[in-house]
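Take a look at the structure set out below.
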Amino acid sequence: MIVIVRVNKNHLFLKTIRVPDVRCPLCNTRGQMEMSFYQLQLEAGWVRNTKKISASVCCKNCHRDVPVVRWDKELDTCYKAEKKQITVKTSFKAGKIGKFLIWLNIVFFGAIFLLLAGIFIYHRIAPKQNAINREGQVRQSAQLATSPRPGDLVLVYLFDGHKQTLFKITAVDAASDVIKAIASDKSIDVPADASEVPATDADFKPGNETSFSMTDYRSRRFTAPDKQRVGNIQMIYRK
Ligand SMILES: [Zn+2]
């Protein structure tokens, strides 16, 4: 937020010089011209003395100011030469309103900066947090693999079709070393948490159970009863 208030232009008087050899464009008299110089001052909530210099010309014979549009080459040359000789002090002073506006801007842009910095930092840290969650989930999956339970959701990388498919365990039979599971028809990415698994009970059609080796399941391999490797277990989720 930059608040712009009306800017006033003031012309600070610097000096007046006589320009003896110059002719008046209005009355054609020579030797009666005076040139005055001014420094441009801008004033709003603050006061700024600029390095811009302007001049006015007055004729002592006809007592008229010569407007800039009537200046001839002589006057113009004289003005430019004299202007070079003048050095002005530039300055900036903030008044009460100016100081208030400056502080308001500092606070405003400061707040925006902090907000952007916060968003930036958050986006640098958030993915790491996710990676940590995933590591934890991998460790937990290894543990869950040792004790399968009906209801466990198992994300399997299937060699056939090279896709990740979610299975749900429906039965565990330790005596005959068999677990039974139903595949969903969903191909999903690896979520970090059980709560992020995009599956409902309706995704697992009853009656479509397939049997897998429980021994191999414990070492996170999916093997059919005919000993054929079907895929690898990526994650196990227990809600
Ligand atoms: Zn004149």
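The values are calculated or read from the model by the stated rules, or taken from the named source; none is laboratory data. This structure is a prediction, so every number in the text was calculated from the model and none was measured. Here the Cβ is made from the backbone with ideal geometry for all residues, glycine too, and neighbour counts use every protein chain on show. Remember, those area values only see protein heavy atoms, side chains included, never the ligands or the DNA or RNA. Shrake-Rupley method; radii C 1.70, N 1.55, O 1.52, S 1.80 Å.
If we keep just the residues of the stretch 23-65 that are free of Cβ contacts under 8 Å to residues at least 24 places away in the same chain and open to solvent by less than 30 Å² (accessible area, probe 1.4 Å), which is nearest to the ligand (Cβ to nearest atom)? By that ranking, first place goes to G31. Each residue in the stretch 139-166 was checked for being open to solvent by less than 10 Å² (accessible area, probe 1.4 Å) and either more than 16 Å from E209 (Cα to Cα) or part of a strand (DSSP E or B) (or both), and 7 of them qualify.
Of the residues examined, D76 is not one that is open to solvent by 50 Å² or more (accessible area, probe 1.4 Å), within 16 Å of the ligand (Cβ to nearest atom) and among the acidic types (D, E). Here the stretch 173-215 is the region considered, the condition is being in contact with a helix residue (DSSP H, G or I) (Cβ under 7 Å, 6 or more places away or on another chain) and closer than 18 Å to K227 by Cα, and the residue that is least open to solvent (accessible area, probe 1.4 Å) is I179. When the criteria are applied in full, V68 meets the requirement of being within 16 Å of the ligand (Cβ to nearest atom) and either aliphatic (A, V, I, L, M) or modelled with pLDDT of 95 or more (or both). In this structure, is P225 on the phi < 0 side of the Ramachandran plot, touching a helix residue (DSSP H, G or I) at 6+ places or on another chain (Cβ under 9 Å) and outside any strand (DSSP E or B)? So P225 fails the test.
Only residues that are within 16 Å of the ligand (Cβ to nearest atom) and at pLDDT below 85 were counted across the stretch 1-20, and they come to 1. L12 satisfies every condition listed in (1) among the hydrophobic types (A, V, I, L, M, F, W, C); (2) over 30 Å from I112 (Cβ atoms); (3) open to solvent by 60 Å² or more (accessible area, probe 1.4 Å) except (3).
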